[in-house]
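K.L.:
First the structure, then my questions, so here it is.
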Amino acid sequence: MRNGRVIDPGTGLDRVADVLVRDGTVAAVGTGLAAPEGATVLDVTGLIVGPGFVDLHSHVHSIAGQRLQAMDGVTTALDLEAGLLPVARAYADAAAAGRPLNYGFSASWGAARAQAHLGVEPDARLETQLALLGDPGWQRTSSTEERRTWLGLLERELADGALGIGVLLGYAPRTDPAEFRAVARLAAAAGVPTYTHVRELVEADPSTPVDGSEEIAIAAAETGAAMHHCHVNSTSRRHIDRVLTTLDRARAAGSRVTVEAYPYGAGSTGVGAYFLAPERLGAWGITASNLVLVETGERIADEARLREVRERDPGAECIVEFLDERDATDRALLRRSLAYPDAIVASDAMPVLWGDGVLDSRQWPLPPGGSTHPRTAGTFARSLRTMVRESGTWSWAEAFRRCAYLPARVLDDTAPSARAKGHLGVGADADVVVLDPTRITDTATYLDSVRASVGVVHLLVGGVPVVRDGALRTDAYPGRPLRAEPR
Ligand SMILES: [Zn+2]
């Protein structure tokens with residue numbers, strides 16, 4: 001790659017240079033590099049060359065979804081918040097189907113509980129887990145015996161290479177806080193992070209057993225575990241500033257707390273989620289009509305209709321409007337969640353649905369009729385557009401630090417191969433994005449959610465082009481697993 005503006009958040013390098021990639025790794029960075037015999041030479045004058053984005057929060061387990069993320073600059077897409085169970089099967093399924101991007105999974109606390117409480121045999125599919133989310137049998141506090149069972153399951157998953165423990169605590173928010181501390185102790189002992197969708201904040205629900213963000217701060221301090229706080233924008237909503245202050249205090253005291261955000265004012269999850277029960281919506285200051293079903297586009301008319309759809313299809317993907325993106329005050333809140341020092345960009349990418357259970361396609365452009373949350377296709381390009389180009393809040397170097405470098409560092413201790421990601425040092429994995437700084441933008445909207453971002457000119461995964469000259473390569477499946485190396 002000749003004559004690009006090379007940004008390496010690993011060294012702070014930001015200048016015009018050449019990058020030589022050989023055998024899947026970065027072989028040299030410098031000016032006037034000689035091209036080896038037979039090398040492909042890309043003139044990237046005027047473009048930015050940086051490490052591909054590492055997405056810690058992607059529920060995309062499909063070729064179609066990964067291709068949308070590739071067009072958004074992502075080279076590694078990991079499902080760490082929900083996780084899957086058993087991870088051995090999740091890794092085997094992904095390898096068998098082929099993946100354009102690198103992939104990896106945490107062990108699912110929710111699926112382990114469902115097995116311990118209800119005897120549900122996990123099948124490593126997100127859809128199975130979504131369908132169970134609303135089941136009260138899964139959500140209750142465990143007996144001593146049940147807790148022992150699911151802790152044992154999680155421990156076995158960590159030995160199998162899970163990248164930590166994914167904890168959907170906000171979906172079982174009445175569980176005994178002692179259970180979460182037990183998870184934190186297990187994570188600390190195994191040397192892996194937890195990735196938590198926190199339980200309710202005390203401002204939204206004074207009857208919560210413990211404030212969702214304080215719980216992270218306390219458990220991280222007590223156990224020493226590395227604790228990642230997922231999507232601070234969606235679980236904090238209009239309390240973003242207070243939650244960030246809580247996390248700040250924990251970090252200042254030396255706790256290993258990290259945080260992520262995505263630049264949208266609406267979330268997405270299974271409509272059967274605990275916090276979407278009609279009687280719970282008031283805590284978020286929303287009503288049933290702030291929910292839209294992804295597959296059909298139906299805006300929920302009222303509470304009666306909400307009860308109906310939760311009963312009939314609790315795993316149905318829906319959009320949840322929690323902040324108003326047209327409102328300047330709400331937009332500023334979103335921007336502060338991303339601007340927070342060291343906040344990581346993570347998409348929370350959701351499955352693309354075509355109806356009738358169709359969840360994937362090898363066709364590109366995607367066959368018509370697909371839908372998802374626009375964050376799936378647009379999180380990274382939208383963050384670059386709003387945080388660098390439009391507001392100047394981040395420099396380009398800072399953007400690469402938050403989209404590639406910092407997320408890879410969350411995994412360093414758990415998966416030593418992550419140390420070769422998120423930077424462009426010699427020997428780094430050749431996971432590289434080349435983007436046009438004047439054009440990069442999201443194009444996906446809530447109504448047309450599967451439109452690919454524009455401005456990613458080339459994307460290499462392990463040195464193999466997945467995007468070349470702005471076009472996706474449909475024969476490229478270079479994605480490799482990222483697994484933990486258990487201590
Ligand atoms: Zn979540």
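K.L.:
As an exercise: evaluate residue 116 against (1) over 24 Å from residue 193 (Cβ atoms); (2) over 22 Å from the mean Cα position of the chain (by Cα) and give the number of the one condition it does not meet.
P.N.:
Going through (1) over 24 Å from residue 193 (Cβ atoms); (2) over 22 Å from the mean Cα position of the chain (by Cα) one by one, residue 116 breaks only (1).
K.L.:
Please return the ranges of strands (runs of 3 or more DSSP E) entirely within the stretch 8-100 where 3 or more residues are open to solvent by less than 10 Å² (accessible area, probe 1.4 Å).
P.N.:
48-51, 53-55, 74-84
K.L.:
Oh, and also: Looking at the stretch 441-480, which of its residues are in a loop (DSSP other than H, G, I, E, B), more than 21 Å from residue 385 (Cα to Cα) and open to solvent by less than 40 Å² (accessible area, probe 1.4 Å)?
P.N.:
462, 463, 476, 478, 479
K.L.:
Quick check on my filter: what residues within the stretch 162-176 are small (Gly, Ala, Ser) and away from the ligand (no atom under 16 Å from the Cβ)?
P.N.:
Result: 162, single match.
K.L.:
Output the residue which, of all residues in the stretch 204-219 that are among the charged types (D, E, K, R) and outside any loop (DSSP other than H, G, I, E, B), is least open to solvent (accessible area, probe 1.4 Å).
P.N.:
215
K.L.:
Right, residue 232: open to solvent by less than 10 Å² (accessible area, probe 1.4 Å), among the β-branched types (Val, Ile, Thr) and either out of contact with any Leu (no Cβ under 8 Å at 6 or more places or on another chain) or away from the ligand (no atom under 13 Å from the Cβ) (or both) or not?
P.N.:
Answer is no for this residue.
K.L.:
Specify which of the listed residues (295, 325) is in contact with a helix residue (DSSP H, G or I) (Cβ under 9 Å, 6 or more places away or on another chain) and part of a loop (DSSP other than H, G, I, E, B).
P.N.:
Answer to the check: 325.
K.L.:
Residues that are touching a Ser or Thr at 6+ places or on another chain (Cβ under 9 Å), at least 2 per element: which helices (runs of 4 or more DSSP H) completely within the stretch 119-190 meet that?
P.N.:
By residue number, 126-132, 144-159, 177-190.
K.L.:
Now, a different point. Looking at the structure I just gave you, is residue 483 within 27 Å of residue 229 (Cα to Cα), without any contact (Cβ under 8 Å) to a residue 12 or more places away in the chain, crowded, with 17+ Cβ neighbours inside 10 Å and under 20 Å from the mean Cα position of the chain (by Cα)?
P.N.:
When the stated conditions are applied, residue 483 does not pass them.
K.L.:
Can you tell me which residue in the stretch 177-198 is farthest from the ligand (Cβ to nearest atom), limited to those that are under 20 Å from the mean Cα position of the chain (by Cα) and open to solvent by 10 Å² or more (accessible area, probe 1.4 Å)?
P.N.:
Step by step, filter the stretch 177-198, then rank; the result is 192.
K.L.:
Please work out if residue 399 is open to solvent by less than 50 Å² (accessible area, probe 1.4 Å), away from the ligand (no atom under 16 Å from the Cβ), of a type in the set (A, V, I, L, M) and under 22 Å from the mean Cα position of the chain (by Cα).
P.N.:
Answer is yes for this residue.
K.L.:
A further question follows. (1) open to solvent by 30 Å² or more (accessible area, probe 1.4 Å); (2) away from the ligand (no atom under 16 Å from the Cβ); (3) β-branched (Val, Ile, Thr); (4) under 19 Å from the mean Cα position of the chain (by Cα): which one isn't true of residue 296, the others all being true?
P.N.:
So the condition that residue 296 fails would be (4).
K.L.:
Something else now. Which of the following residues is closer than 23 Å to residue 171 by Cβ and more than 19 Å from the chain's Cα centre (by Cα): 356, 330, 313?
P.N.:
Sole residue among the options that is closer than 23 Å to residue 171 by Cβ and more than 19 Å from the chain's Cα centre (by Cα): 313.
K.L.:
Report yes if residue 188 is closer than 20 Å to residue 258 by Cβ, touching a residue at least 24 places away in the same chain (Cβ under 8 Å) and not β-branched (Val, Ile, Thr), otherwise no.
P.N.:
When the stated conditions are applied, residue 188 passes them.
K.L.:
Kindly list the number of the only condition in (1) in contact (Cβ under 8 Å) with a residue 60 or more places away in the chain; (2) away from the ligand (no atom under 16 Å from the Cβ); (3) buried (at least 17 other Cβ atoms within 10 Å of the Cβ) that fails for residue 159.
P.N.:
It fails just one condition, (3).
K.L.:
Further, regarding this structure: Can you say whether residue 222 is surrounded by fewer than 19 Cβ atoms within 10 Å (Cβ to Cβ) and part of a helix (DSSP H, G or I), as far as the supplied structure shows?
P.N.:
Yes; evaluated as a whole, the condition is true for this residue.
K.L.:
So, in the stretch 240-275, how many residues would count as being more than 16 Å from the ligand (Cβ to nearest atom) and part of a helix (DSSP H, G or I)?
P.N.:
Of the residues in that region, 11 qualify.
K.L.:
Give me the pairs, please: first residue somewhere in the stretch 229-240 and β-branched (Val, Ile, Thr), second residue anywhere and within 11 Å of the ligand (Cβ to nearest atom), beta-carbon distance under 6 Å, and either six or more positions apart or on two chains.
P.N.:
From residues that are β-branched (Val, Ile, Thr), the pairs are 235/198.
K.L.:
Oh, and also: Would you please list the contacts, defined by Cβ atoms under 7 Å and residues six or more apart or on different chains, that run from a residue in the stretch 350-374 that is hydroxyl-bearing (Ser, Thr, Tyr) to a residue that is outside any loop (DSSP other than H, G, I, E, B)?
P.N.:
Close Cβ pairs satisfying both conditions: 361/64; 371/353; 372/353.
K.L.:
So if I check each of 78, 84, 118, which one is within 20 Å of residue 315 (Cβ to Cβ) and within 16 Å of the ligand (Cβ to nearest atom)?
P.N.:
84
The values are calculated or read from the model by the stated rules, or taken from the named source; none is laboratory data. Every value quoted in this text rests on a predicted model; they were computed, and no experiment measured them. Cβ coordinates were reconstructed from backbone atoms using ideal geometry, including for glycine residues, and neighbour counts include every protein chain displayed. Remember, those area values only see protein heavy atoms, side chains included, never the ligands or the DNA or RNA. Shrake-Rupley method; radii C 1.70, N 1.55, O 1.52, S 1.80 Å.
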